[in-house]
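The structure appears below as structure tokens.
The values are calculated or read from the model by the stated rules, or taken from the named source; none is laboratory data. Here the structure is a predicted model, which is why all the values come from computation and not from measurement. Here the Cβ positions follow ideal geometry from the backbone for every residue, glycine too, while neighbour counts run over all protein chains shown. With ligands, DNA and RNA removed, areas are computed over all heavy atoms of the protein, side chains included. Shrake-Rupley method; radii C 1.70, N 1.55, O 1.52, S 1.80 Å.
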Amino acid sequence: MTLISNSDVESHADVQIPDTAHQISTDSWFQVGFVLTTGINSAYVLGYSGTIMVPLGWAGGVIGLILATAISLYANALIARLHEYGGTRHIRYRDLAGFIYGRKAYSLTWALQYVNLFMINAGYIILAGSALKATYVLFREDDGMKLPYFIGIAGFVCAMFAICIPHLSALGIWLGFSTVFSLVYIVIAFVLSIKDGIKSPPRDYSIPGTSTSKISTTIGASANLVFAYNTGMLPEIQATIRQPVVKNMMKALYFQFTVGVLPLYLVTFAGYWAYGSSTATYLMSDVNGPVWAKAMANIAAFLQSVIALHIFASPMYEYLDTKYGIKGSALAFKNLSFRVLVRGGYLTLNTFVSALLPFLGDFMSLTGAISTFPLTFILANHMYLVANANKLTSIQKLWHWINICFFAFMSVAATIAALRLIDLDSKTYHVFADI
């Protein structure tokens, strides 16, 4: 634990900083805002027309996305304001939970976060593999290359990138590339969807399925809503920001939930408008247009997924690097070989799971249900309630308890719905399926 004099912090207090092998307090709020926006506008946005709008319809989808934006901003702001609670800078989510509740909460939060990030990473590898396959079928009509092969290629590229980029702050210029890649596939998908929609006959926007299945898909879509906006690792991202950390983090969050969400809205609504209830879970599968444009969008989606995965894998990398004392030059033989073995091994396991069960929509639903709901909404409200128990009015406390109970119910319901979807898909598809 390091003690620094923090004259720039809003409280003007001495703040303890835990030891870490990674850089902290080096990034501007603008760079952190781009890290957050990279997560929101990852290639996952190409699936929201099918995984959010189709199960919810126009009214539910539009209202749900707007409400999820506001609620997610609120919940993330609660976590951001606790970053220096108790005179300690909490650079890891589990550190904050452990400081407030104790050791058992530290372990439980770490387990939830690990599951959350592992499944998000698996989703990114599936997404990257799907984008590669979509590019392949544009030029080849044979069935020689299956989705699991492309997932394997995507996993290998992700591992190479993880070995070359030692920590989150080192992304630097890669965030610029990520933004360019995002704009490429979002603009192409948007333009081609609008073009198809103008030429197409009236679409069917009714919510598909029976009354029973609609309940499950609606609850599952609600999990996708919270998954769309939240990282489950806000303290780890906030750790990289310069002082004053709370004020600068709020600027980054406002950027994420205003400018950052606009591309997501555009491509999600355009895709659903163009194809209605038949919209695919990967929008580029639906669009018609020049082969070169679709290939460019798919390749951009692949490359952006590689960069985005590195963000969500960084808490695991930081934990391992700190635990085993990996400090100093990133090119030192010990450090480089450690990254090859450990990060390569972690992503090999991630890739294997991705190829084994490549059901992208189910990954999003289950991740949102079992980890994003608890981490971002339940814990955020309860930690803020505990930390500020003597400052909140009775009405404010009641408000937080309503949030806690509501999102606890949603978490349980969404978990059941997601497991039902996985059970149905496991009967439809076999392991290592070529979807």
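In nm, give the distance between the simple-model label positions of THR322 and VAL259, each being 7 Å from the Cα along the Cα-to-Cβ direction.
Each label point is offset 7 Å from its Cα along the Cβ direction, giving 3.0 nm.
Can you list residues whose amide H is under 5 Å from ASP27's amide H, if they're 5+ apart or on another chain and H is modeled 1.01 Å from N?
ILE241, ARG242
Check which residues have an amide H placed less than 5 Å from GLN16's amide H, if you skip close sequence neighbours.
THR88, ARG89
So, R0 is 22 Å and r is the distance between the beta-carbons of ASP142 and MET296; what FRET efficiency does that work out to, to 0.05?
0.45
What shape does the range 33-191 take by its C-alpha gyration tensor, where a ≥ b ≥ c are the square roots of the eigenvalues and a/c under 1.5 counts as rounded, a/b above b/c as prolate, and the rest as oblate?
Values: a/c = 2.00, a/b = 1.48, b/c = 1.36.
Cα axes put the range 33-191 in the prolate bin.
Net charge around ALA301, counting only other residues with Cβ within less than 12 Å of its Cβ (Lys, Arg = +1; Asp, Glu = -1)? Before the final figure, lay out the partial values.
Numbers: positive: LYS133, LYS294; negative: none.
Residues near ALA301 contribute +2 overall.
Need one number: nm distance between label points at THR26 and TYR74, each 7 Å from Cα along Cα→Cβ, rounded to one decimal.
Here the answer is 3.7 nm between the modelled labels.
Could you work out how far the C-alpha centroid of the range 289-309 sits from that of the range 221-272, in angstrom?
Here the answer is 22 Å between Cα centres.
By how many nm would the segment from GLN396 to ALA408 lengthen if fully extended, with 0.36 nm per residue of separation less the alpha-carbon distance?
Numbers: separation 12, 0.36 × 12 = 4.32 nm, distance 1.85 nm.
Here the segment from GLN396 to ALA408 would lengthen by 2.5 nm.
How compact and how long is the range 102-172, expressed as Rg and Dmax of its alpha-carbon atoms in Å?
When restricted to Cα atoms, the range 102-172 yields Rg and Dmax of 16.8, 58 Å.
Using the Karplus curve 6.51 cos²θ - 1.76 cosθ + 1.60 with θ = phi - 60°, what ³J(HN,Hα) values do you get for each residue of the range 412-423, in whole Hz, with x for Gly and Pro?
5, 5, 5, 5, 4, 5, 5, 5, 5, 4, 5, 4
What does the charge add up to near VAL191, with Lys and Arg as +1, Asp and Glu as -1, over the other residues with Cβ less than 15 Å from its Cβ? Intermediate values should be presented prior to the final figure.
Numbers: positive: LYS195, LYS199, LYS294; negative: ASP196, ASP286.
It works out to a net charge of +1.
Only helical DSSP H runs with n ≥ 4 go in: add -39500 (n - 2.57) per run for the chain, normalise by residue count and round the 222 nm mean residue ellipticity to 500 deg cm²/dmol.
Values: 16 runs with 285 residues, N = 435.
Rounded to the nearest 500, the figure is -22000 deg cm²/dmol.
For the range 29-428, rounded, prolate or oblate, judged on the Cα gyration tensor with a ≥ b ≥ c (square roots of eigenvalues), a/c < 1.5 rounded, else prolate if a/b > b/c?
On the way: a/c = 1.67, a/b = 1.20, b/c = 1.40.
Judged from the Cα gyration tensor, the range 29-428 comes out oblate (a/c at least 1.5, b/c at or above a/b).
Express the accessible area of the chain per residue in Å², computed with a 1.4 Å probe while the remaining protein chains stay in the model. Write down the numbers at each step before the final one.
Details: 17730 Å² over 435 residues.
Each residue of the chain exposes 41 Å² on average to a 1.4 Å probe.
Report, to the nearest 10°, how far helix 147-164 tilts away from the longest principal axis of the Cα atoms in the chain, using its own Cα long axis and a range of 0 to 90°.
30 degrees
Pop out the carbon and sulfur fraction of the accessible area of the chain as a percent, whole number, probe 1.4 Å. Intermediate results must be reported in sequence, preceding the final value.
Values: 12330 of 17730 Å².
In the chain, the share of accessible area belonging to carbon and sulfur is 70 percent.
Report, ordered by chain and residue number, the lysines lying within cross-link reach of LYS195, taken as a straight Cα distance under 16 Å and ignoring same-chain residues fewer than 8 apart.
Cross-link targets: LYS294.
Once amide H atoms are placed 1.01 Å from N in the peptide plane, what residues at a sequence separation of 5 or more from LEU357, or on another chain, have their amide H within under 5 Å of its amide H?
PHE432
Would you mind calculating the gained length between THR210 and TYR101 on full extension (0.36 nm times residue separation, minus the Cα-Cα distance), in nm to one decimal? The partial results should precede the final answer.
Values: separation 109, 0.36 × 109 = 39.24 nm, distance 4.38 nm.
Result: 34.9 nm gained on full extension.
Once the piece of chain linking MET160 and SER285 is laid out straight, how much longer is it, given 0.36 nm per residue of separation minus the C-alpha distance between them? Could the numbers behind the result be given before it?
Values: separation 125, 0.36 × 125 = 45.00 nm, distance 2.79 nm.
Difference between extended and current length: 42.2 nm.
If each of LEU424 and LEU349 carries a label point 7 Å out from its Cα toward its Cβ, how far apart are those two points in nm?
The answer from the label model is 3.2 nm.
Note the angle between two axes, namely the Cα long axis of helix 262-275 and the longest principal axis of the Cα atoms of the chain, as a number of degrees from 0 to 90, rounded to the nearest 10.
Orientation of helix 262-275: about 20 degrees from the principal axis.
Classify the range 66-116 from the C-alpha gyration tensor, please: rounded if a/c falls under 1.5, else prolate or oblate depending on whether a/b exceeds b/c. Before the final figure, lay out the partial values.
Details: a/c = 2.83, a/b = 1.39, b/c = 2.04.
Oblate is the answer for the range 66-116, as a/c is 1.5 or above yet b/c matches or exceeds a/b.
Within the set of other residues whose C-beta is less than 14 Å from the C-beta of ALA159, count the net charge using Lys and Arg as +1 and Asp and Glu as -1.
+2
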